[in-house]
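Scroll down for the structure; my scribbles are underneath it.
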Amino acid sequence: MTSSTPSASAGTPVDLFVIGGGSAGVRAARQAAQRGARVALAEPGRLGGTCVNVGCIPKKLYSHAAGYALAFDEARGYGWRFAADPVLDWEALKTARAAEIARLNGVYLRLLTEAGVELVPARAQLAGGGVVEAGGRRFAAKHVLVATGGGPFVPELPGREHVVSSDAMFDLPRFPRRLVVVGGGYIACEMVSVFHGLGAEVDLVQRGGRLLAGFDDELARFLARELERTGVRLHFGAEVARVEPSGDALQAVLADGRTLAADVVLYATGRRPSTAGLGLEAAGVRLDARGSIAVDDRYETSAPGVFAVGDVSSTQPLTPVALAEAMAVVDHLYGDGRRRVDYDTVPTAVFTHPGAAAVGLSEEKARGKFGAVRVYRSDFRSLRHTLTGSQERTLVKLVVDDASDRVVGLHLVGADAGEIAQGFAVAMRAGATKADFDATIGIHPTVAEEFVTLRELTRR
Ligand code: NDP
């Protein structure tokens, strides 16, 4: 219950008011309504949030598009001949993507309305005491769930007005022949790979010495080599001093004086929780040092009765994590309250070409946590590429806690990395040991079988 339970005269009474119609908000609203709660959800934009509209879904569609370009090229090694080189119709790709996203927006709307959730197509604000204002109305909510997600962060820099964030990348009016990407995280890596695959010349500028902070160091360095092999230019330890017009295009001027010509400069320099304009402070909802909404292990904020899930509060801003958190809140409010989110074995994938994926701990973190670990790794040219002529290499790596023999880290760079890691995530959550991996029969010939045939210890 909110600290002072609102009276019906405070507005339309609801059991749960959800702010934000992204993955987490829609899931929570729908499931709460299906359990008999009166639910309203406020969303001023398109349903589905970042993931559906400007994140996971369009990114993956464009990643598939880029994958075809590679496949056309590789097919020649298998005897395929084309009368002419395939060309990308950027307008056709954008139109097809937009149609699919619109279909998904409709699916989300139907899911909400069929569950009996009232959709308020407006921004919402906490007015304190369990009252929420949205669309010129007041709601008296027993509980409130803030699921407003996050948005791109672009640092201050001279020429900031010339750069774009990932939000703009899917609908660029003209396909960028030359793209400069600043940042080295998930979004930078994926966008580099997508646009390079689609035919752009790409430079990635990363202030640090490696990609994908938080991932296994060996995985990150292996992926960097693979991206460079495909022709992406990586600039480590480099910073953009300013971005300025140059003819009818742009140039990014680096701190060391070098210039990179670009049709588009993308800043993929992290995302920040969307907390502004929600009335959080007045309602007593505290933020943590990262600027995210601080929550306890039940996702309740410092204001009793007000909960927060997903990118606005989570330390792991991933769609499936947001969904799991949303379901845990619904279970807490309307179920038996036993559902918990296991943050230790969250599998994750970076949809580059080749892809990268991981479950559990990096080698570095495992050494810090367990002390004695065993590392098994192999890199090889996959069977597919024996005929394509591609020099692409695949990395498979297991990190094992020496004391318990449990596999605590699994890392992969290669085709279908995300698909492969998902299955192993189940085994690792169930506590699979290296002996379990060894006793598992492989599927031959696959890349995934390498994980169950890693016999030789690489290092301790
Ligand atoms: P990340 O936090 O992953 O990476 C941000 C990058 O920007 C880092 O390389 C960082 O460098 C760099 N950076 C930060 N600030 C600056 C600055 N002022 N100047 C220059 N460089 C800077 O953020 P993303 O935006 O890539 O992604 C946000 C989140 O979205 C991810 O953490 C992930 O959780 C989620 N996501 C997940 C995807 C998936 O599951 N496939 C896909 C896309 C996003 P440094 O390393 O030096 O700090």
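The numbers here are math on the coordinates, done by the rules we state, and not lab data. From a predicted model like this one, the values you see are computed outputs, not experimental measurements. Virtual Cβ from ideal backbone geometry, glycine too; neighbours counted across all protein chains shown.
Things worth noting here:
- Working note: Karplus 6.51/-1.76/1.60 with θ = phi - 60° gives the range 397-404 the couplings 8, 10, 10, 10, 6, 4, 5, 9 Hz, where Gly and Pro are set to x.
- Taken one residue at a time, the phi angles of the range 419-427 give Karplus couplings (6.51, -1.76, 1.60, θ = phi - 60°) of 4, 6, 5, 4, x, 5, 4, 5, 4 Hz. Gly and Pro are set to x.
- Amide hydrogen proximity for Val14: with H placed 1.01 Å from N in the peptide plane, the residues at 5 or more positions away or on another chain lying under 5 Å are Ala140, Ala141, Lys142.
- Inter-part distance where the range 269-322 and the range 120-182 are each reduced to a Cα centre, Å: 14 Å
- Prolate/oblate/rounded call for the range 138-183, Cα gyration tensor, a/c under 1.5 rounded: prolate
- Per-residue Karplus couplings for the range 34-44, computed as 6.51 cos²θ - 1.76 cosθ + 1.60 with θ equal to phi - 60°, are listed in order as 5, 8, x, 7, 7, 10, 10, 9, 9, 8, x Hz, Gly and Pro entered as x.
- Extents of the range 222-366, largest first, come to 60, 38, 26 Å (Cα atoms, principal axes, whole angstrom).
- Amide H contacts of Val350 (H built 1.01 Å from N, under 5 Å, at least 5 apart or other chain): Ala356, Ala357
- Bins of 10 Å from zero: percent of alpha-carbon pairs in the range 245-286: 22, 27, 16, 17, 17, 0
- The calculated Kirkwood hydrodynamic radius for the range 315-406 is 16.4 Å, given to one decimal from all distinct C-alpha pairs.
- Calculated [θ] (222 nm, deg cm²/dmol) that DSSP helices of n ≥ 4 give over the chain, each run adding -39,500 (n - 2.57): -9500 deg cm²/dmol
- Among the cysteines of the chain, those with no neighbouring cysteine Cβ under 4.7 Å are Cys189.
- Long-range Cα-Cα pairs in the range 39-187 (distance over 21 Å), rounded percent: 62 percent
- With only Cα atoms counted, the range 108-194 has Rg and Dmax values of 19.4, 54 Å.
- Calculated log₁₀ intensity ratio I(q)/I(0) where the Debye formula runs over C-alpha points of the range 354-421, q = 0.20, 0.28 Å⁻¹: -0.77, -1.14
- Share of pairwise Cα separations in the range 290-365, more than 17 Å, in percent: 52 percent
- For the chain, the calculated P(r), taken from all Cα-Cα distances in 10 Å bins from zero up to the bin holding the longest distance, is 4, 18, 25, 25, 19, 7, 1, 0 percent.
- Selection from Leu211, Trp80, Gly237, by position along the positive dipole direction of the chain (Cβ): Leu211
- Scattering from the range 273-325 was approximated by placing one identical point on each alpha carbon and applying the Debye formula without solvent; log10 I(q)/I(0) at 0.14, 0.17, 0.19, 0.21 1/Å stands at -0.31, -0.46, -0.57, -0.70.
- Distance from the alpha carbon centroid of the range 333-393 to that of the range 216-230 works out to 14 angstrom.
- Legend: residue pairs Lys60/Lys142; Lys60/Lys397; Lys369/Lys434; Lys60/Lys369, Cα-Cα distance threshold 27 Å; pairs beyond threshold, Lys60/Lys142; Lys60/Lys369.
- Cα centroid separation - the range 439-458 against the range 27-50, whole Å: 43 Å
- Under-5 Å amide H pairs with Arg271, H placed in peptide plane, nonlocal only: Phe153
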